[in-house]
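Trainee: Let me give you the structure first, and then I'll get to my questions.
The values are calculated or read from the model by the stated rules, or taken from the named source; none is laboratory data. Predicted, not measured: the structure shown is a model, and the values here were computed from it. Cβ: placed from backbone, ideal geometry, glycine included. Neighbour counts: every protein chain shown.
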Amino acid sequence: MINERDYIWGQNQKLENIDRSKLPEIISQGGYQIILIAGPNGVGKGMVIQGLLTRNEGVAQVSRITTRSITSDENQYHQVSIESFFESIDNGSFVEWGKYGQGYYGTTMGNIADALSSAKKLIIDIDLDGGLVLRNLFENIGVCVYDCFISPIRQNLLESEDGVEKALGELRRRLLDRDRGEVAKELEGRLRNAGQMLLRAKEFRHIIVNERDSISATVLMLEDIVL
């Protein structure tokens with residue numbers, strides 16, 4: 001049986017402990033960009049990313065590994081067993097990895113190399129901790145990194161005294177409207193994780209609002225920052 005305590009979270013690794021020799025050599029040759037997109041469940045990250053990809057042929061999405069069940073339209077993830085996931089940790093395959101909600105997630109050197117074969121601008125849908133690891137790693141080797149947090153409400157509202165509560169109220173409405181058949185326990189779990197993430201939003205350097213039914217405007221705001 002796998003014991004999580006036997007492992008150091010990849011998200012907490014120090015740069016000197018990451019085997020950077022496994023990074024694709026081409027990325028150090030200049031001209032490459034990494035776009036990190038983080039945000040809570042229900043904020044619309046997937047639609048924003050898809051909008052950016054549709055409008056810009058020179059951007060490719062980096063797929064990630066996960067142990068949670070995925071739907072047929074979640075082609076940004078590759079599902080593996082928990083045993084396979086921890087085997088990849090033992091093999092040193094992950095640049096970053098961690099647990100979010102009920103599943104493990106990670107980004108491998110291979111994931112990055114695959115995306116580099118088709119574009120010089122790479123976009124990664126990631127949690128805050130994993131994003132901070134990747135930001136530090138790539139900036140340390142001279143790669144331009146844009147870290148963007150997607151918020152359901154405007155930044156000035158989010159940073160107000162009851163901003164997180166307002167944001168969670170909006171996320172609750174969106175998750176209920178999405179109607180994936182989630183039971184109340186699952187919904188509350190997602191909102192707890194969202195609350196923790198919203199409190200740390202400013203750890204990313206760019207906060208972009210994705211208001212309800214405003215995907216096109218959000219994509220344009222993202223383009224203004226990263227392109």
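A quick yes/no check of all residues on (1) touching a Phe, Trp or Tyr at 6+ places or on another chain (Cβ under 6 Å); (2) within 15 Å of V43 (Cβ to Cβ); (3) touching a residue at least 40 places away in the same chain (Cβ under 8 Å):
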{"residue": "G169", "(1), (2), (3)": "no, yes, no"}
{"residue": "R205", "(1), (2), (3)": "no, no, yes"}
{"residue": "S214", "(1), (2), (3)": "no, yes, no"}
{"residue": "T218", "(1), (2), (3)": "no, yes, yes"}
{"residue": "E223", "(1), (2), (3)": "no, no, yes"}
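Trainee: Residues of region 128-153 being of a type in the set (G, A, S) and not in a helix (DSSP H, G or I), which ones?
Mentor: G142, S151
Trainee: Considering only region 1-114, give the strands (runs of 3 or more DSSP E) lying wholly within it that have at least 3 residues that are closer than 30 Å to L171 by Cβ and at pLDDT 90 or above.
Mentor: 33-38, 59-61, 64-66, 77-79, 103-108
Trainee: Moving to a separate point now. Go through the residues of region 170-188 one by one and say whether even a single one is of a type outside the set (G, A, S), in contact with a Ser or Thr (Cβ under 8 Å, 6 or more places away or on another chain), on the phi < 0 side of the Ramachandran plot and outside any loop (DSSP other than H, G, I, E, B).
Mentor: The answer is no; no qualifying residue exists.
Residues are listed down the side, and each one gets a yes or a no for (1) surrounded by fewer than 18 Cβ atoms within 10 Å (Cβ to Cβ); (2) under 19 Å from the mean Cα position of the chain (by Cα); (3) acidic (D, E); (4) under 20 Å from A119 (Cβ atoms):
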{"residue": "A60", "(1), (2), (3), (4)": "no, yes, no, yes"}
{"residue": "T66", "(1), (2), (3), (4)": "no, yes, no, no"}
{"residue": "S81", "(1), (2), (3), (4)": "yes, no, no, no"}
{"residue": "N91", "(1), (2), (3), (4)": "yes, no, no, no"}
